[in-house]
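Since the structure comes first, as structure tokens, the remarks are kept for the end.
The values are calculated or read from the model by the stated rules, or taken from the named source; none is laboratory data. What you see is a predicted model; the values in this text were computed from it and never measured. With ideal geometry, Cβ positions are generated from the backbone for all residues, glycine too; neighbour counts draw on all protein chains shown. Quick note on the areas: whole protein, heavy atoms, side chains included, nothing else; ligands and nucleic acids left out. Shrake-Rupley method; radii C 1.70, N 1.55, O 1.52, S 1.80 Å.
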Amino acid sequence: MTDHTTTPIGRLAQWIDQRVGAAKFTRSTLDYVFPKHFSFLFGEIALYSFVVLVGTGIFLALFYTPSEAEVIYAGTYDPLRGVAMTEAYESVVDLSFSVRAGLLFRQTHHWAAIIFLGAIFLHLCRVFFTGAFRRPRELNWITGVTLMVVAIAEGFAGYSLLDDLLSGTGVRIAYSIAESIPVVGTWLAYWIWGGEYPGEGFLSRLFAVHIFLLPAVIAALIGVHLFLVARPHHTQFAGPGKREDNVVGLRLWPSYATLSVGLFFLVAAVLNLMGGFLQINPVWLYGPYDVFVVSSGSQADWYFLWLQGALRLMPGVSLELGPYTVANQFFPAVLYPGVVFALLYLWPFLEARVTGDRGEHHLLDRPRDRPLRTALGAAAIAGFVVLLLAGSDDVFVTTFDWSIVPVRNVERVLFFVLPVLVGLGVWKAARDLSRADPPDRRSAAPASTEPTPADAPAGSSGVAADAVAYRRHEVRHGDSGPTTLVGAIAAVGAAVAVGSLVRRGLRDRSH
Amino acid sequence: MRVALAFLVSMAASVGFIGAYQLDAGTQWLALSLSIALGSLGAGLAWWSRRLMPQESSEEARPTLAPPPEEERETAETFEAGRRGIRRRGLLGGLLAAAVGALGLGTVWPARSLGPPPSSGFRQTGWREGVHLIDETGRRIGIDTLDFGGVVTVFPEGRDPAADDQVVLMRIPLEDLDLPEGRANWTPDGYVAFSKVCTHAGCPVGLYQDVGYLLLCPCHQATFDVVQGAVPVFGPAPRELPQLPLRADRDGLLLAAGDFSGPVGPDRWRLGEVKDGDA
Ligand code: HEM
Ligand code: FES
């Protein structure tokens with residue numbers, strides 16, 4: 001036995017290695033190269049938000065009581081004293097007012113959930129628009145979409161635990177959606193809720209799902225996801241020295257690892273700051289849930305606000321099939337998301353079929369070089385934005401004293417027209433941009449032979465000019481220095497903060 | 001230097017956090033100190049990485065994932081060779097699959113305990129002929145409870161109100177009513193009652209506008225025209241709110257004169273059965 005190291009940590013590592021034989025694996029991990037580009041950060045932000053969610057979630061779980069037993073509130077928050085409520089809701093109010101740091105961790109947990117899903121969404125956009133889902137990464141695309149679906153469910157479960165007026169209303173709607181599924185719907189709803197609405201012991205089931213089942217699934221999927229990232233190594237944008245068969249960037253050890261751990265603390269700092277200073281989900285103002293009461297101006301979190309919008313845009317029809325009924329809410333709340341997610345899942349295969357390109361790709365597309373894909377993605381986002389708008393239109397309708405009818409009808413039209421307009425616009429813009437580039441800057445795989453106005457005069461100056469162009473590109477995009485890091489997090493944080501302030505402002509005015 | 005300072009600030013802020021906790025200084029102080037502790041640790045690490053660690057680009061070869069054909073063939077052959085060595089693989093393999101399947105079915109079977117089998121068909125509410133209307137506090141509703149234009153949520157007397165029991169009771173001048181045929185004597189002294197459970201997704205239809213007699217559901221803004229029999233005039237609700245026939249007894253108290261005019265609550269697959277059961 002030879003000693004290669006004298007530090008205690010080194011000796012411990014050696015001791016372990018001699019029993020598990022991980023030296024080779026460890027070395028290649030330490031040498032792993034990360035490409036530098038800000039858009040690669042979204043996935044990491046999602047990962048670190050999840051860590052924050054688990055940390056704050058464990059704290060909350062130690063105080064939360066998943067019980068529907070009725071109590072009369074006698075705690076420290078005056079306005080609710082004497083009000084009948086469930087133990088669940090009471091425990092959340094206590095957590096917010098009587099447990100030191102309870103409110104901080106509750107609000108941080110909620111903000112972390114919002115940023116977690118936001119980061120997942122941006123990450124998905126990055127992967128989509130750059131074609132990073134192409135062979136050999138189709139499996140990881142599927143893992144990623146599944147992660148997003150499970151995360152949405154997890155967010156809904158958490159939000160519904162509180163048993164306040166808003167979340168209780170959401171659960172009522174969820175029951176009617178479960179029930180609307182043809183053939184099995186009623187069974188499904190009875191199984192999930194333990195009987196006809198409001199069911200029996202739903203909160204304790206939801207608690208198990210929220211703090212154990214789905215987090216375990218998410219953690220497992222994250223493991224698979226990272227493994228599938230590391231196997232073929234990261235993708236990268238084209239650039240000098242960057243080829244299909246290599247990766248250029250920072251090594252994990254020591255620079256990237258240190259930077260990334262730093263990023264974790266920065267993410268945690270921003271979430272914690274939001275949790276402390278931006279009020280979110282003040283359930284004590286909404287009051288306890290009561291099946292006979294509903295409040296207007298209720299706002300879902302953004303990751304299910306779009307479903308609320310879809311429910312609203314649907315015209316008032318349902319489908320009668322002899323003695324059976326396909327319920328109205330089935331179409332916007334089950335069929336539509338079903339189709340959207342099916343398309344998302346199948347996208348890599350659909351695209352490969354359409355383009356006939358089944359080869360491996362490790363160099364990323366620039367969105368402009370794939371006008372059609374970029375246009376379709378932008379169109380989908382436009383539709384999504386219209387749904388978000390519809391999901392919160394009651395708030396601005398009451399604020400500006402408009403009538404809901406014309407607003408809703410405009411939204412119905414927009415839902416179909418806006419995606420088409422945005423798609424066409426983006427398609428044209430992408431094509432123009434792509435054509436204006438020197439041909440060898442384009443990432444489109446089959447080197448296009450189309451002559452373009454900006455074609456560099458064949459010959460000498462080409463290489464040097466190109467190197468300069470690359471340089472500029474690097475400076476603009478390629479630098480994931482602390483500035484970009486902080487900038488990216490702060491931008492996400494600021495956007496969410498401003499959005500929520502505006503939303504709250506609108507809500508306050510409308511009351 | 002910068003890095004060292006960041007770590008020192010972080011340390012101080014952590015101590016500050018403990019202090020804020022001990023003094024019960026409130027959410028903002030806790031958040032501020034903890035964010036500084038986390039943030040300067042993060043910034044310190046990022047600076048350390050950027051300033052004092054190698055920054056030059058490294059290159060690494062990308063591993064090929066698809067195995068060379070001969071390796072693939074050899075793997076397949078190894079598997080095949082082993083498989084050929086198994087005797088009786090057809091019969092026993094089939095039985096094994098069946099046994100594992102049966103065991104799987106058996107172990108998920110108790111999932112049935114999750115909920116009772118759905119009660120078939122008609123969904124029973126607490127309303128039937130002769131049941132008194134009571135308000136939230138348990139008081140019976142009489143002919144003089146509401147003025148014209150008034151509204152109140154009522155429940156069937158004699159049981160703990162279930163979600164589907166809630167009814168919205170309004171009083172409207174008889175000459176304004178334009179109810180569907182056959183409902184003429186469901187409205188003693190202008191009292192009209194409809195299920196308060198939205199036929200869209202089940203929210204309580206909580207907003208009443210007595211100008212124009214509209215009921216509005218705040219969830220997705222389904223709007224019902226009360227005088228026409230609460231038919232949906234806007235929004236996603238596919239059906240009218242079922243009406244509860246009313247009558248008044250000799251003491252001037254309001255009672256249900258029968259069950260609802262249609263199925264209560266959102267559409268569902270077996271809504272047809274409900275309608276039949278109702279007929
Ligand atoms: C991907 C992961 C997660 C997401 C998206 C998520 C989301 C949420 C949301 C949106 C809420 C409502 C917050 C509020 O307004 O108060 C919530 C509540 C809660 N979460 Fe999570 N959560 C996650 C993971 C966890 C984990 C791992 C645990 C515990 C081990 C946990 C425990 C709780 C508890 C106990 C509550 C209810 C108490 C309260 O909010 O006051 N969560 N969650
Ligand atoms: S639940 Fe009433 S409109 Fe949707």
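Condition check ((1) small (Gly, Ala, Ser); (2) closer than 27 Å to B:Gly265 by Cα; (3) within 13 Å of another protein chain (Cβ to nearest Cβ)) across all residues:
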position: A:Val184; (1), (2), (3): no, yes, yes
position: A:Gly194; (1), (2), (3): yes, yes, yes
position: A:Val209; (1), (2), (3): no, no, yes
position: A:Pro215; (1), (2), (3): no, no, no
position: A:Gly223; (1), (2), (3): yes, no, no
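For segment A:101-131: of the residues being within 14 Å of another protein chain (Cβ to nearest Cβ) and more than 14 Å from A:Val54 (Cα to Cα), which is farthest from ligand 2 (Cβ to nearest atom)? Give the derivation first.
The first filter runs over segment A:101-131 and keeps only residues within 14 Å of another protein chain (Cβ to nearest Cβ), leaving A:101-112.
Next, from what is left, pick out any that are more than 14 Å from A:Val54 (Cα to Cα): A:101-104.
Details: A:Ala101: 38, A:Gly102: 33, A:Leu103: 31, A:Leu104: 35 Å.
Among them, the one singled out is A:Ala101.
The condition of being more than 14 Å from chain B (Cβ to nearest Cβ) and not hydroxyl-bearing (Ser, Thr, Tyr) holds for only one of A:Leu166, A:Leu188, A:Leu162, that being A:Leu162.
Which members of segment A:50-61 meet the condition of being more than 8 Å from ligand 1 (Cβ to nearest atom) and either farther than 15 Å from A:Ser96 by Cβ or polar (S, T, N, Q) (or both)?
Pass one, segment A:50-61, residues more than 8 Å from ligand 1 (Cβ to nearest atom): A:51-52, A:55, A:59.
Once the filter is applied, which keeps residues that are more than 8 Å from ligand 1 (Cβ to nearest atom) and either farther than 15 Å from A:Ser96 by Cβ or polar (S, T, N, Q) (or both), segment A:50-61 yields A:Val51, A:Val52, A:Gly55.
Considering every residue within segment B:212-228, establish whether at least one is in contact with a Phe, Trp or Tyr (Cβ under 6 Å, 6 or more places away or on another chain), facing chain A (nearest Cβ under 10 Å) and surrounded by fewer than 23 Cβ atoms within 10 Å (Cβ to Cβ). Yes: one or more hits. Here A:Gln299 meets the list (1) within 16 Å of ligand 1 (Cβ to nearest atom); (2) assigned to a helix (DSSP H, G or I); (3) surrounded by fewer than 20 Cβ atoms within 10 Å (Cβ to Cβ) almost entirely, failing just condition (2).
Taking segment A:62-97 as the range and being under 19 Å from A:Asn281 (Cβ atoms), within 12 Å of ligand 1 (Cβ to nearest atom) and either free of Cβ contacts under 8 Å to residues at least 60 places away in the same chain or assigned to a helix (DSSP H, G or I) (or both) as the test, the residues that pass are A:Phe63, A:Thr65, A:Ala88, A:Tyr89, A:Glu90, A:Ser91, A:Val92, A:Val93, A:Asp94, A:Leu95, A:Ser96, A:Phe97.
In segment A:265-284, of all residues being facing chain B (nearest Cβ under 7 Å) and of a type in the set (A, V, I, L, M), the one that is most open to solvent (accessible area, probe 1.4 Å) corresponds to A:Leu273. Listed conditions (1) within 10 Å of ligand 2 (Cβ to nearest atom); (2) over 23 Å from A:Ala327 (Cα atoms) are all met by B:Cys219, apart from (2).
Could you tell me whether any residue of segment B:14-36 is more than 9 Å from chain A (Cβ to nearest Cβ), buried (at least 19 other Cβ atoms within 10 Å of the Cβ) and among the polar types (S, T, N, Q)? For segment B:14-36, residues more than 9 Å from chain A (Cβ to nearest Cβ), buried (at least 19 other Cβ atoms within 10 Å of the Cβ) and among the polar types (S, T, N, Q): present.
A single entry from B:Arg2, B:Arg89 fulfils the requirement of being more than 13 Å from chain A (Cβ to nearest Cβ) and either under 30 Å from A:Gln279 (Cβ atoms) or open to solvent by 90 Å² or more (accessible area, probe 1.4 Å) (or both): B:Arg89. Look at segment B:9-36: where a residue is acidic (Asp, Glu) and a partner is not in a helix (DSSP H, G or I), sitting 6+ places away or on another chain with Cβ atoms under 7 Å, you get B:Asp24/A:Arg100. Within segment A:164-190, the set of residues being buried (at least 21 other Cβ atoms within 10 Å of the Cβ) and among the aromatic types (Phe, Trp, Tyr) comprises A:Tyr175, A:Tyr190. Only one of the numbered conditions (1) open to solvent by less than 90 Å² (accessible area, probe 1.4 Å); (2) more than 29 Å from the chain's Cα centre (by Cα); (3) on the phi > 0 side of the Ramachandran plot is not met by B:Gly138, and that is (2). Only one of A:Glu320, A:Glu360, A:Glu351 is part of a loop (DSSP other than H, G, I, E, B) and either under 30 Å from B:Ala66 (Cα atoms) or more than 23 Å from the chain's Cα centre (by Cα) (or both). Can you tell me which? Residue meeting the stated conditions: A:Glu360.
Being more than 16 Å from ligand 2 (Cβ to nearest atom) and at pLDDT below 95, is that true of even one residue in segment B:199-207? Checked against the condition, which is being more than 16 Å from ligand 2 (Cβ to nearest atom) and at pLDDT below 95, segment B:199-207 yields no hits at all.
B:Gly202 meets the conditions (1) within 14 Å of chain A (Cβ to nearest Cβ); (2) touching a residue at least 40 places away in the same chain (Cβ under 8 Å); (3) surrounded by fewer than 23 Cβ atoms within 10 Å (Cβ to Cβ); (4) among the small types (Gly, Ala, Ser) in every case but one. The failed one is (3).
Annotation: B:Thr78 fulfils all but one of (1) under 30 Å from A:Thr29 (Cβ atoms); (2) open to solvent by 50 Å² or more (accessible area, probe 1.4 Å); (3) within 12 Å of chain A (Cβ to nearest Cβ); the unmet one is (3).
Among the residues of segment A:241-264, the one identified as more than 7 Å from chain B (Cβ to nearest Cβ), among the charged types (D, E, K, R) and surrounded by 17 or more Cβ atoms within 10 Å (Cβ to Cβ) is A:Lys242.
Can you confirm whether A:Phe227 is more than 10 Å from chain B (Cβ to nearest Cβ), within 30 Å of A:Phe25 (Cβ to Cβ) and among the hydrophobic types (A, V, I, L, M, F, W, C)? In short, yes. Of the conditions (1) of a type in the set (Val, Ile, Thr); (2) open to solvent by less than 20 Å² (accessible area, probe 1.4 Å); (3) near ligand 1 (Cβ under 8 Å from one of its atoms), A:Thr108 clears all except one; give me its number. Here A:Thr108 meets the rest and fails (3).
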